[in-house]
C-alpha cells in the first residue's frame, strides 16, 4: 500500500548516520521524491540483477538479503530497523547483487537512487557518510569471508553464538534472532549440519531448546571458539 513519506518518519531516517549531518535542504529534497510502503511477510522486494532504482530503508519488521545460483540459494544478511540496504548499488547505479524479501510484516521507505546520487554530488557531509558506510560494509564483507574460509562450521557457529551473546549484553541465555534454516544458510551450512553442530557444542557448555540458547560454560566455549576482533567485531 502506497503511503507517501509521512513527516513522522523523518526523525527515524534523519537519525541514521547516513543522513544525520547533511543539510536540511538536501534532506528534504531526498524526502520529496521518497515514499513508504507496508509489505506482508515473504514478499520479494528486489531481485538480484535488476536495476537499483531505490535505496531501501527498513522502518519496521525485518528483511532477508539472499542470493541464488544454479538452483541453490544462500542467506546473506538480515536487515532490521532502522537501517538501509543496498547502498552500493544505488550509489554506483549498478544492478543489485542480492535479492531481498520480507521476513515479517515490514514498513519500508524507498528513496529514488537518482536522487541519492544527485545529493551525493552536492552535499559533502552526505558524501562522507556514504563513503564511511561503504567502507564499513567492505570491512564486514572481509571479516565474513575470513570467518567462512578460516573456520570450521563448528567454529563458525560457536563464534556466532558469542557475537549474539554480546548483542544481548552478555546474557548467558538468549533466543536466536532468526530461524535455524536461515542461520544455517548464513553460516554456510545445511540445516542438517547445523543440527549436528549444535549437538557437538553441548560438550562446550551449550544447551539448546528450540531457538533458546543457554551458555553453561563460558570459559570452555570461548577457549574452543577463540574469538578474534579482526573477524568477529563488525562495529569497526
| field | Qualifying positions in the stretch 196-212 - surrounded by 14 or more Cβ atoms within 10 Å (Cβ to Cβ), within 25 Å of residue 79 (Cα to Cα) and without any contact (Cβ under 8 Å) to a residue 40 or more places away in the chain | value | 208
| task | Could you list all residues from the stretch 213-225 that are touching a residue at least 40 places away in the same chain (Cβ under 8 Å) and over 19 Å from residue 174 (Cα atoms)? | result | 224
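Results for (1) under 20 Å from residue 30 (Cβ atoms); (2) within 14 Å of the chain's Cα centre (by Cα); (3) touching a residue at least 24 places away in the same chain (Cβ under 8 Å); (4) surrounded by fewer than 18 Cβ atoms within 10 Å (Cβ to Cβ), shown as yes or no for each residue.
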| residue | (1), (2), (3), (4) |
| --- | --- |
| 43 | no, no, yes, yes |
| 46 | yes, no, yes, no |
| 49 | no, no, yes, yes |
| 54 | yes, no, yes, no |
| 61 | no, yes, yes, no |
| 64 | no, yes, yes, no |
| 68 | no, no, yes, yes |
| 73 | no, no, yes, yes |
| 79 | yes, yes, no, no |
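Every read-out reported here was derived from the displayed coordinates using simple, explicitly stated rules and does not represent laboratory data. In this text, all values refer to a predicted model and were calculated from it rather than measured experimentally. Here Cβ is always computed from backbone atoms with ideal geometry, including for glycine, and neighbour counts include all displayed protein chains.
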